[in-house]
1. Residues of region 208-240 being more than 20 Å from L300 (Cβ to Cβ) and touching an Asp or Glu at 6+ places or on another chain (Cβ under 8 Å), which ones?
2. State the number of residues belonging to region 164-194 that are assigned to a loop (DSSP other than H, G, I, E, B) and either over 19 Å from the mean Cα position of the chain (by Cα) or modelled with pLDDT under 95 (or both).
3. Suppose we filter G284, G248 for residues that are in a loop (DSSP other than H, G, I, E, B) and either more than 16 Å from V184 (Cβ to Cβ) or not acidic (D, E) (or both); which single one remains?
4. Please state which of the following conditions L47 fails to meet, knowing it meets all the rest: (1) modelled with pLDDT of 95 or more; (2) out of contact with any strand residue (DSSP E or B) (no Cβ under 9 Å at 6 or more places or on another chain).
5. Checking the condition at pLDDT 85 or above, surrounded by fewer than 22 Cβ atoms within 10 Å (Cβ to Cβ) and under 15 Å from V165 (Cα atoms), which residue from G62, G31, G101 passes?
6. Hey, does region 143-159 have a residue that's at pLDDT 90 or above, part of a loop (DSSP other than H, G, I, E, B) and not hydroxyl-bearing (S, T, Y)?
7. Tell me the helices (runs of 4 or more DSSP H) entirely within region 61-142 that contain at least 3 residues that are touching a strand residue (DSSP E or B) at 6+ places or on another chain (Cβ under 8 Å) and free of Cβ contacts under 8 Å to residues at least 60 places away in the same chain.
Amino acid sequence: MKSSVSIVKCKEYDEEKVLSALRQAIDLIGGIQTFVNKDSRARLGALASRRSSLGKAEGSRGKPRVLLKPNLLYGKPPEKAVTTHPSVVRGMIQIVREAGGVPFIGDSPSVGSLTRTAEKAGIKAVADKMKCPLVEFKRPVLPLKGGGRTFRQLEVDQTVLEADVIINLPKFKTHSLTLLTLGVKNLFGCIPGPKKALWHLKAGDDRKIFAQILFDISQVIQPSLSILDGIVGMEGNGPNSGRPIPIGLVLASGDPLSLDQIVCDLLGISRESLLTNRVALEQGMGKDPIEVLGERVQDLKISNFQFPALSQPDWHLPAILRKALKNALTSKPVIDDEVCKDCDQCAKICPPQALTRKGTDLIFDYGECIRCFCCLEVCSEGAISIKPGWALKLVSGRSKVESGKQ
């Protein structure tokens, strides 16, 4: 079945211009009534009698409850391009209400509360002004229909299951573990905070296993609509410490996998360079033609985009050899002591507890480190970077091919 992805130009975060771009992008793929309407049904096998976290006070009776899931990774100001821009969230609140839906904003940040993170990101001010609830994901439950295709015990937040419609609002960014964090990856935030670390441990240092986890989550959640904030994106050392880069685009699709594939086309890399795409293709999904509406991909190629240094090349080496050459063949996180502010958030979030403080120094145990780069994600100062192993440096050209920069 053919899916559609719309591409609309938008050069700045002026509220009216963003609202216009959002409307145009959604209209190109069928209009908001295609996704939010009076016939919207409770999703993901949730019982029809379940009460929403919004409660009766929100007046949602008889109206579809619409979860807006932005990228609220960390509390950084909007100009840092770490989170979905507040003007995009504002525009979607307005559009959903015009369609008769009752919107609310939900996520599970890596560090700190949702309220504090949203405040720093400028989204709480929008939520307060528009009287749109913020709901933090902290009630993990197993969907009635079970987990994903490979991982059957995927617990997502109950609030996600209670929503009638899920609108996914990812940010156009790089990611040092997954290459990019787009539509599919953004849904990892539907796993309540402490549970994320368990899935990182499950994947270990195997990026493809983690990609399978992410794809399974997207298949469980199945957002009705995904809209990518690519007005200003991030390149380099993402997802928290990269460089903002003007891209000037808003993309929309009913399928986050198709959206991610088109972004790869825009960047001039193979679709399989993004491992979530590769996992899907290996399972027979994402192979159908994608209809691109609005702007043409060939007119919008993004050149000289700086990708992150990935944790390891995909050379299909035997497990025993990979283990023996782990440090030589993989990148590793390192700390710049002059930049570090000794907040210890990196040590607190480390899933395998491979980062500990000894006196005045933070020390990595690289034997235990699983290269999930959660430490990099939560470092507010950008003190953690990625250092390639010595063997990886010698074959850097090979890494570029694996990343798709051919």
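The values are calculated or read from the model by the stated rules, or taken from the named source; none is laboratory data. In this text the structure is predicted, and so the values were computed from the model without any measurement. We place every Cβ from the backbone using ideal geometry, glycine too, and count neighbours over all the protein chains shown.
1. Those that are more than 20 Å from L300 (Cβ to Cβ) and touching an Asp or Glu at 6+ places or on another chain (Cβ under 8 Å): K208, P239, N240.
2. Going through region 164-194 one residue at a time, the tally reaches 6.
3. G284
4. Here L47 meets the rest and fails (1).
5. G31
6. no
7. Fully inside region 61-142 and qualifying: 114-120, 123-129.
Residue-by-condition table, conditions (1) within 17 Å of the chain's Cα centre (by Cα); (2) within 23 Å of L182 (Cα to Cα); (3) in the same structural domain as T174 (by TED's automatic domain parsing):
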site: A81; (1), (2), (3): yes, yes, yes
site: T84; (1), (2), (3): yes, yes, yes
site: G91; (1), (2), (3): no, yes, yes
site: G101; (1), (2), (3): no, no, yes
site: I105; (1), (2), (3): yes, yes, yes
site: P109; (1), (2), (3): yes, yes, yes
site: G112; (1), (2), (3): no, yes, yes
site: K129; (1), (2), (3): no, no, yes
site: V160; (1), (2), (3): yes, yes, yes
